């Protein structure tokens, strides 16, 4: 037995305290003069002796309790030296094979496969093996109870992934497999290049006691790589044809200067090539001259001279014009003069995004007018009923936005189904006498106003609101802006996947001078982007990313034009490998994990192959960082016993603190001491009663 | 007990008496108060000169023939009367170190020795009123002081008792256990007339040795009244703390946990007093155990009762 805090054992000297007190007590015993001890001496000695023995028993109990207490504070523990490890019997072997992009460096992948095959070939009869392939996530590649031949076949069939390296998932999966095994010996073989970027200390991962972790390190040594890490595009649509200027960022992780040829390919054809010299461990920006590009989305690739790691030698991207946000402004049948002018003109300015604006009078609107619209503005008109109303509701449920401006409209006559979705519109508040109200409370955390949060980023205080409608909120609504009298100015409600926004004043200068203020333009742009679910287009994705089509209307819009955006419209997503997948813009199938490097193609069911919207996917740029991790760091982290679940390791022994914390002997000692003290109290009470009676 | 007797009893409380410095005053206070309290006592009703009838013998004075009895029985009987003579009253007081035990100034309780001095003084004063010759002997291992019998020695005895009491309070323990045998033997040799002997002691001695010692006094025809004085703590052993007990006579030490020994100690004391009472009854000595916390009148009752008894049988 060892002690974690042996200094506390000095407290054992406290055992002497009761004895010393006893002795001192004897010395200080009161002296009583008594006439004669004649009778006292006649009392049989054995009677006194028996009392003393009882007293000694109590003393013994107290001393033991004190000793246990001291021992508990000294935190004892029993040292265990890897007890229970078995060296014979069948093995449960888990082969973790790294197939991340960085394993494509030189011949690492073939070596990794060889190592995996070697492990499988070394299996004895009765051994059981599982092949786990991992990159950013891990999956079991062999069937349960697979024979070595089948596992070898799985190894041969394994392919490199474009994803990054993450060890956590693979180790977790391996720990679950070995934990569930009933075989006496457990072994995990980790075959990887031990890329440092993929390791985070996963304290929650533990292997059961006796598990042997064997790293097969294929990395290390001097490695050099040149990668295309980033591409930026600048599209110019001002001329007759759109022109794009492409710039690429090249990284040299090697220790030597490298000369490479960087080429820009548009539409599958190299259009420019530049020869550049990269400094050792340096970065270089390569700018290509602007080129004319087609009006639609076009594939672009910047690639360099292939080196040891070919996966990051090319970077794919798409050059696509910004998709305009289709907006429909619905006016009353007899609108005021220039009622929608301010709004339509403000939205028409700018190209990121650009708004495609149509203005229609309410009596001329048909259900088809709503197809493909991202945003509908009901400018002082009642929400439509009938087929148009149903279509509008479907548009909102599918993710579209509606901005309702009640203005002077009589809201009592509005359809009940819309009134339940909108705030209760009250009387007109006339502020003309006090020079108009102002916007006093804006929710700067809201996407509409967040750009105005910074200093000198827009002044709403100069805008005067002479009239507006008093709005009363219903459940589920949020106030985004208030007037200075506390009345809501802008109210939002989420309906289905879409948004309903209600503006209390007008969008022209009839009730307010806001359209005449500088903040009006950015305000309506923010309003339109937010309500129309606009997202900045991404030129490329990274392997492993999840593509949410419902958030990328610019990808699906070309194939949904003239149709309702709903969950039933099926699209086809074709991977670079040719694998096809049915997806929807919304609904259950709108999220897809992009795993392959290259160009995916999204198209409608009737769209010819090659005419779809390309989606560029690249390898994880972090894979270019070939910094090496010491395999023992991983082994130590997953086999150390400083975890909730104790385990053993071939290489690392548990620290005394760990063993003490795990065994918790002090707790039992403390409990025993308390029990003894309780027994001592009971015994002494009983003896006292017996003696005094 | 009647109401005046109760008042007297409370007046005779040892703690009250302890405040009276003068022994004579104390003795007078006690005895006179006691006699006043006893005026209605039935014990005094039997106080008469007539003793018994005896058959007429030739030579007897015919005036002493009881003619009334002759008329009823036709026989001659002579009336015997109490001798109208005084007697010797000897007080033997044990002043051994053990008798100094029991002084408790906080409770106003006197030591056994002080109590014994009160008792001796009262009894002597009482006897002196009867015109008896009073004597006092204080004993330890041997006779310490001796006041020979005389009707005029009351003041001397009281002075001696006072000196003994004061000396006893300041005295250091002298090693060695005192015995009654040697002093009583010597005293018995000095008693030439039949005497009423009062022995006051705590009797820390074997009962056989005590009876043996008393035998020397009793054998000479003396009447004996034995007062066994014990402090309440000697009777009850009401100690609580574990203590070192020192024998006041021998100086021996003994660690004692009172609660362990109390029961057995009480039993031994009871056996001791029972044995003494039985053995002294057999040797016709009057024996009484006195708790020094109790009033003195009990002792006086015992003395008077015994004295009356002795006078009858004389």
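None of the figures in this text is laboratory data; all of them are computed from the coordinates on show. All values reported here derive from a predicted model rather than from experimental measurement. Quick reminder, even Gly has a Cβ in these numbers, built from the backbone with ideal geometry, and neighbours come from all protein chains shown.
For the protein assembly as shown, give me the percentage of DSSP beta bridges that are antiparallel, rounded to the nearest 5 percent.
Details: 96 of 169 bridges.
Taking every DSSP beta bridge within the protein assembly as shown, about 55 percent pair in antiparallel fashion.
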Approximate spin-label separation residue B:142-residue A:240, in nm, with each point projected 7 Å along Cα-to-Cβ:
16.2
What order do you get for A:511, A:666 when you list them from fewest to most C-beta neighbours inside 10 Å?
A:666, A:511
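Which whole-number percent of Cα pairs in the range A:541-618 have a distance greater than 22 Å? Working shown, then result.
Numbers: 391 of 3003 pairs.
Roughly 13 percent, rounded to a whole number.
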Order the peptides A:209-216, A:228-235 from the highest to the lowest mean number of other Cβ atoms within 10 Å of their residues.
A:209-216, A:228-235
Quick check: pseudo-label points 7 Å beyond the Cα along Cα→Cβ at residue A:110 and residue A:356, how many nm apart are they?
5.2
Mind checking the log10 I(q)/I(0) for the range A:325-531 at q = 0.12, 0.18, 0.19 Å⁻¹? Debye, one equal scatterer per Cα, no solvent, two decimals.
-0.56, -1.40, -1.60
Calculate how steeply helix A:520-531 sits against the longest principal axis of the alpha-carbon atoms of chain A, using the helix alpha-carbon long axis, and give the answer as 0 to 90 degrees to the nearest 10.
60
If each residue's Cβ is checked for other Cβ atoms within 10 Å, how do B:210, A:189, A:388 rank with the fewest at the top?
A:388, A:189, B:210
Final fewest-first order of B:132, A:217, B:208 on the 10 Å Cβ neighbour count is B:208, A:217, B:132
At q = 0.20 Å⁻¹, what is the log10 ratio I(q)/I(0) for the range A:226-313, with the Debye formula run over Cα points and no solvent?
-0.88
Mean ellipticity per residue at 222 nm, deg cm²/dmol - from DSSP H runs of n ≥ 4 across the protein assembly as shown, formula -39500 (n - 2.57)
-10000 deg cm²/dmol
Cα axis of helix A:167-180 to longest principal axis of chain A: angle in degrees, 0 to 90, nearest 10?
50
Highest to lowest packing among A:614-627, A:459-472, scored as the average C-beta count within 10 Å:
A:614-627, A:459-472
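Could you sort A:422-429, A:277-284 so that the peptide with the highest average Cβ count within 10 Å comes first and the rest follow in order? Don't jump to the answer; show the numbers that get you there.
Details: A:422-429: 17.0, A:277-284: 14.0.
Top to bottom by mean Cβ count within 10 Å: A:422-429, A:277-284.
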Return the distance in nm (one decimal) between the two label points of a simple spin-label model at residue A:513 and residue A:337, each offset 7 Å from Cα along Cα→Cβ.
2.0
Antiparallel versus total DSSP beta bridges in the range A:325-531: what percent is that, nearest 5?
50
Counting pairs of alpha carbon atoms under 8 Å apart in space and at least six apart in sequence, what relative contact order in percent does the range A:143-283 give?
16
Zone of residue A:364 (label point 7 Å along Cα→Cβ, backbone N under 20 Å): which residues in the range A:382-400?
A:382-385, A:387-389, A:392
Mind checking the mean number of beta-carbon atoms from other chains within 10 Å of the Cβ atoms in B:237-245?
4
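Run the numbers for residue A:658 and residue A:495: contour at 0.36 nm per residue of separation, minus the present Cα-Cα distance, in nm.
Values: separation 163, 0.36 × 163 = 58.68 nm, distance 5.46 nm.
Here the answer is 53.2 nm.
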Between the alpha-carbon centers of the range A:133-207 and the range A:401-418, tell me the distance in whole angstrom.
59
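Between residue B:220 and residue B:130, what is the FRET efficiency for a Förster distance of 25 Å, r being their Cβ-Cβ separation, to the nearest 0.05? Write down the numbers at each step before the final one.
Working: r = 22 Å, r/R0 = 0.86.
So, using R0 = 25 Å, E works out to roughly 0.70.
Just the number, please: Stokes-Einstein D of the range A:474-544 in µm²/s, Kirkwood Rh from C-alpha pairs, 37 °C, 0.692 mPa s.
Working: Rh = 14.5 Å.
The Stokes-Einstein estimate is 227 µm²/s.
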Stretched fully, the stretch from residue A:295 through residue A:606 gains (0.36 nm per residue minus C-alpha distance, one decimal, in nm) 109.8 nm
Taking each residue in B:261-267, count the Cβ atoms of any other chain within 10 Å of its Cβ, then average. What number comes out?
4
With equal scatterers on the alpha carbons only and no solvent term, can you work out the Debye log10 of I(q)/I(0) for the protein assembly as shown at 0.05, 0.06, 0.07 1/Å?
-0.63, -0.70, -0.83
Please give the FRET efficiency for residue A:451 paired with residue A:179, using the beta carbon to beta carbon distance and R0 = 51 Å, rounded to the nearest 0.05.
0.50
Mind checking the mean number of beta-carbon atoms from other chains within 10 Å of the Cβ atoms in B:89-100?
1
